[in-house]
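Okay, structure first, notes after.
The values are calculated or read from the model by the stated rules, or taken from the named source; none is laboratory data. Keep in mind that this is a model prediction, so the values were computed, not measured. Methodologically, a virtual Cβ is constructed for each residue, glycine included, from the backbone with ideal geometry; neighbour enumeration extends over all protein chains shown. Each accessible area value is taken on the protein alone, full model and side chains, heavy atoms only, with ligands, DNA and RNA left out. Shrake-Rupley method; radii C 1.70, N 1.55, O 1.52, S 1.80 Å.
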Amino acid sequence: MFKKLVVIDPVRLDKATESELLQYTHELCIYRDIPGDHSEIVRRLGDADGVLVSYATTIDRAAIEACPNIRYIGMCCSLYSPESANVDIKAANERGITVLGIRDYGDEGVLEYAVSELVRLLHGFGPRQWREDPTEFTGLKVGILGLGTTGLLLAKGLKFFGADIHYYSRTRKPEAEARGMVYLPFDELLQTSEILCSCLNKNTILLHEREFALFGNGKILLNVSLSPSYSVPAIKSWLANPNNYYLCDTAMALGDADGSLIKMPNVSCLLKSAGESIQSRQRLCIKVLENIQTFLLGSAKSQDSDP
């Protein structure tokens, strides 16, 4: 068991899951708001040996080093790579701290968001219409940038509606290609696509002035990544053409530091996470508890094997 488990910010666990946490710790401390600064993060971590954190709070090296009792950090959010994480995993591992995240809990909602927003724009079921005449998915060239879990789900969904799917990923995906999805090199994907769907890991920026020039005009960029996949000055320059459109769900995905990007007439940002739903919350809760159980079981086995 943990001596003290701290939930340092809103991690979206339901009441039943919060109650179940009591089975794994002698003391449970839950904070309902996001810590205002680094010193508050350190204060909340304090003497805890177990920590749960959402994507909204950064636990950096300094915070980890200031709290020597920590032995487990559970990220109640997607963890795809150490580079994209809001926890300094390298610093944690150096101190023997286990960091576990979760994956694949909100992708279904992201697909529904993407289809909904694109249909509205293609058909003019709202204040904007992409082309002069309403347009179906049928035959549209859709490029998927990053074919992980979300990207593949999106590709399958849009292909079902008749889109012609191409993709670029760091590795080829035989499963996708067996389904008729075509791999293209990055530059060729940009030049070929009429709609580009960015499904990249957090903090992965691939779209700069050069890439937007290759992508061209009269196009749609849909970003379902957790953060911008573009240089903000570059996308602003591209969006100066009123025939280009940009869609995303959250302020974090938008990356609009000065508030000027969201004011552009061809930008649509919901300011709401597409992956949040009753079902995704249930999946998150299950995975968070499974990670805790995995860690504690491993820790108990390790102690049992000590001489």
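Solvent-accessible area assigned to carbon and sulfur over the chain amounts to 52 percent, based on a 1.4 Å probe. For the stretch 7-84, the list of trypsin sites (Lys or Arg not before Pro) that fall in a loop by DSSP and count at most 11 other C-beta atoms within 10 angstrom reads ARG32.
Note on surface exposure: VAL182, VAL99 rank VAL182, VAL99 by accessible area, highest first, 1.4 Å probe.
In terms of solvent-accessible area of protein heavy atoms at a 1.4 angstrom probe, what is the ranking of ASP9, ASP14, ASP258, highest value first?
Final ranking, largest accessible area leading: ASP258, ASP14, ASP9.
Each Lys and Arg adds +1 at its Cβ and each Asp and Glu adds -1 at its Cβ; summed about the Cα centre, the stretch 165-213 shows a dipole of about 260 debye.
Largest first, the residues SER19, SER54 sort by 1.4 Å accessible area into SER19, SER54. Straight-line cross-link reach from LYS3 at under 22 Å between alpha-carbon atoms covers these lysines, not counting any fewer than eight positions away in the same chain: LYS15, LYS287, LYS301. Sequence neighbours fewer than 8 away in the same chain don't count; with that in mind, list the aspartates and glutamates whose C-alpha is under 19 Å from LYS90. Correct list for LYS90: ASP49, ASP60, GLU65.
Scan the stretch 1-44 for chymotrypsin sites (Phe, Trp or Tyr not before Pro) in coil per DSSP, keeping those whose Cβ has at most 11 other Cβ atoms within 10 Å, and list them by number.
none
If only the Cβ of Lys and Arg carry +1 and only the Cβ of Asp and Glu carry -1, the dipole of the stretch 116-174 around its Cα centre is close to 380 debye. Angle between the Cα long axis of helix 278-305 and the longest principal axis of the chain, 0 to 90 degrees, nearest 10? Taking Cα atoms only, the helix is inclined about 40 degrees. Based on protein heavy atoms only, the stretch 154-273 ends up with 44 Å² per residue of surface accessible to a 1.4 Å probe.
Bridging of LYS263 to lysines at a Cα separation below 30 Å is possible for LYS141, LYS202, LYS219, LYS236, LYS272, once same-chain residues fewer than 8 apart are set aside. Solvent exposure of the stretch 63-127, expressed per residue, is 42 Å² of accessible area, with all protein chains present and a 1.4 angstrom probe.
Placing +1 on the Cβ of every Lys and Arg and -1 on the Cβ of every Asp and Glu, with no other charges, gives the chain a dipole of roughly 200 debye about its Cα centre. Per-residue SASA remark: TYR167, around 0 Å² accessible (1.4 Å probe; ligands, DNA and RNA not included).
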